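J.: Before anything else, here's the structure in question.
Rule-based calculations on the coordinates, nothing more; no lab input. Here the structure is a predicted model, which is why all the values come from computation and not from measurement. Virtual Cβ from ideal backbone geometry, glycine too; neighbours counted across all protein chains shown.
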Amino acid sequence: MSNSNDSSLKSAAQRLGSLPAGARLKGFIRAAYFVTMAARDSYEVGTNGLRNPERLRVANELLHRLLGIAAASAEGQSTYPDDVIVEIIHEMAPNAGIDPQEVISRVLVSDVN
């Protein structure tokens, strides 16, 4: 990873850590919803088939992780450290055909009621 990428990930992890619990929970739910929308690109239009099952599988795993973090957060349980969460998103999203910054930005939006 480049130094600018490292600092970007570190900054995102610090911002994530500074979110109030409610905003953090909403952010993970927003990000999970975004992943479901992006994963639809794997479908074959007009059929029950898939154009890219591998991509859909990774999107499903990312969705599983995001919702697991959200569920644990809602229950007041600990989850992965913030830097690990950002790294998971950064590593998995591209393999699902998703820009990781798009996912991370949805988690970090804190002004949604």
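J.: Could you tell me how many of the residues in segment 24-47 are among the hydrophobic types (A, V, I, L, M, F, W, C) and without any contact (Cβ under 8 Å) to a residue 60 or more places away in the chain?
T.: 6
J.: Considering each residue of segment 72-87, count those that are in contact (Cβ under 8 Å) with a residue 12 or more places away in the chain, aliphatic (A, V, I, L, M) and within 14 Å of residue 8 (Cα to Cα), and give that number.
T.: Residues that pass the stated criteria total 2.
J.: Take the conditions closer than 30 Å to residue 17 by Cβ and of a type in the set (Val, Ile, Thr) and apply them to residue 84. Does it pass?
T.: yes
J.: If a residue must be free of Cβ contacts under 8 Å to residues at least 40 places away in the same chain and either surrounded by fewer than 18 Cβ atoms within 10 Å (Cβ to Cβ) or touching a His at 6+ places or on another chain (Cβ under 9 Å) (or both), how many such residues does segment 89-110 contain?
T.: 6
J.: I'd like to verify a number: residues in segment 55-71 that are loosely packed, with under 15 Cβ neighbours inside 10 Å and either in contact (Cβ under 8 Å) with a residue 40 or more places away in the chain or of a type in the set (Gly, Ala, Ser) (or both), how many?
T.: Adding up the residues that qualify gives 2.
J.: Give the residue, chosen from 76, 97, that is within 15 Å of residue 34 (Cβ to Cβ) and more than 11 Å from the chain's Cα centre (by Cα).
T.: Result of the check over 76, 97: 97.
J.: Does residue 62 count as touching a helix residue (DSSP H, G or I) at 6+ places or on another chain (Cβ under 6 Å) and within 22 Å of residue 10 (Cβ to Cβ)?
T.: Yes: the conditions hold for residue 62.
J.: Only residues that are surrounded by fewer than 17 Cβ atoms within 10 Å (Cβ to Cβ) and within 15 Å of the chain's Cα centre (by Cα): list them for segment 3-16, please.
T.: 15
J.: Now, a different point. Just name the residue that is nearest to residue 102 (Cα to Cα) out of those in segment 12-23 that are in a helix (DSSP H, G or I) and in contact (Cβ under 8 Å) with a residue 40 or more places away in the chain.
T.: 12
J.: Here's something else I'd like to know. Count, please, the residues in segment 14-47 that happen to be closer than 21 Å to residue 71 by Cβ and of a type in the set (S, T, N, Q).
T.: 1
J.: Let me ask something else about it. Could we say that residue 51 is over 17 Å from the mean Cα position of the chain (by Cα) and basic (Lys, Arg) here?
T.: So residue 51 fits the description; yes.
J.: Of (1) under 13 Å from the mean Cα position of the chain (by Cα); (2) under 22 Å from residue 109 (Cα atoms), residue 19 satisfies all except one. Which?
T.: Of the numbered conditions (1) under 13 Å from the mean Cα position of the chain (by Cα); (2) under 22 Å from residue 109 (Cα atoms), the odd one out for residue 19 is (1).
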